[in-house]
Amino acid sequence: MRKTSRSVTSLVSTAAVSAVLSFAASTANAALTTYTSQSAYLGAVGATAVDTFNDLDIEPYDTPFPRTAGDITYVATTGPGNPRAYGASDDDVDWYLSSSRRTDAITFDSFGTPVAGAGGFFWGSDIAGYTVFAPYITVTATDSTGATLTYTITDPVPSSFLGFVSDATIVSLSVATGDQLGADGYGIWPTVNDLHLSVAAVPEPGTYAMLLAGLGLLGWTARRRPGRATSRLA
């Protein structure tokens, strides 16, 4: 009977450990999360590289447009109407990326390194590349699980940051203004600056706690097993 009791105890301990670790894994496999604060985004991700676009000028760039953010390669594409991107700027010093046709979206994908976070500053510019008031701008992220999340920034300005974090990997990020017009009645072009690409997400504190609890229970089980074996031999 004691042998049966020990076997049951072992099975319960193993099941408990498996349950804790499985719960932690399911919690970590969360949906895409948005951050409207740059500092909050950076606190939720690991190493981050930024493409400032300061090598651009007011001229057309055929897309797909190979780019790099630090050591991370990626591709920028505009469409579906016109496969050309443009440089934009308010002061000819800090440069942004925009599209050639205002109704086209700008999409970032084909990341050379798996990224768990992607974001940047998103707003609207006019036909000359200058910042202009836009009622809204939409940014969409898709991850490797197929999850897609669209966030609408109301009254965006050059300091409007938005970031997406996934516990899987992000496969694309796109920004669009649609067919809206500004207060002056003219069109609005989607504009992006300082594209952030982050290679690893930082697990939430709750996930750490569950993982540590599971490992602690596993260690407790391992310590008890040799003791029982010794008592049997004695």
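Before moving on, here are some points about what is shown:
- With the simple spin-label model, which puts each label point 7 Å out from Cα in the Cβ direction, the Thr34 to Asp55 separation comes to 3.1 nm.
- Bridge type composition, region 32-199 - antiparallel percent by DSSP, nearest 5: 100
- Electrostatic dipole magnitude of region 32-199 [Cβ: Lys, Arg +1; Asp, Glu -1; Cα centre; debye, to 20]: 460
- Whole-Hz ³J(HN,Hα) from phi, Karplus 6.51 cos²θ - 1.76 cosθ + 1.60, for region 44-51, glycine and proline x: 9, 10, x, 4, 10, 10, 10, 9
- Amide hydrogen proximity for Thr191: with H placed 1.01 Å from N in the peptide plane, the residues at 5 or more positions away or on another chain lying under 5 Å are Trp123, Ser125.
- Of the peptides 50-62, 115-127, 168-180, 70-82, the order by per-residue mean of other Cβ atoms within 10 Å, starting with the highest, comes out as 115-127, 168-180, 70-82, 50-62.
- In this structure the amide hydrogen of Ser100, modeled in the peptide plane, comes within under 5 Å of the amide hydrogens of Arg84, Tyr86, none closer than 5 places in sequence on its chain.
- Note, ³J(HN,Hα) from phi for region 56-71, Karplus 6.51, -1.76, 1.60, rounded to Hz, x at Gly and Pro: 7, 8, 7, 7, x, 10, 5, 10, x, 10, x, 9, 9, 10, x, 9
- Cα gyration tensor shape of region 46-94, rounded if a/c is under 1.5, else prolate or oblate by comparing a/b with b/c: oblate
- Think of region 32-199 as a dipole: +1 on every Lys or Arg Cβ, -1 on every Asp or Glu Cβ, centred on the Cα centre; then among Gln180, Ala49, Thr148, Thr148 lies furthest on the positive end.
- Residues in region 75-88 carry Karplus couplings, in order, of 10, 9, 9, 10, x, x, x, 9, x, 10, 9, 9, x, 9 Hz; the curve used is 6.51 cos²θ - 1.76 cosθ + 1.60 with θ = phi - 60°, and Gly or Pro positions show x.
- Förster-model FRET efficiency, 25 Å R0, Leu149 and Arg101, C-beta, rounded to 0.05: 0.50
- Summary value for region 32-199: 31 percent relative contact order, contacts being C-alpha pairs under 8 angstrom separated by 6+ residues.
- Shape call, region 32-199: gyration tensor on alpha carbons, a/c limit 1.5: prolate
Here, each number is a calculation from the coordinates, and none is a lab measurement. As the structure is a computational prediction, the values presented were derived from the model and not from experiment. Using ideal geometry, Cβ is built from the backbone for each residue, glycine included, and neighbour counts are taken over all protein chains shown.
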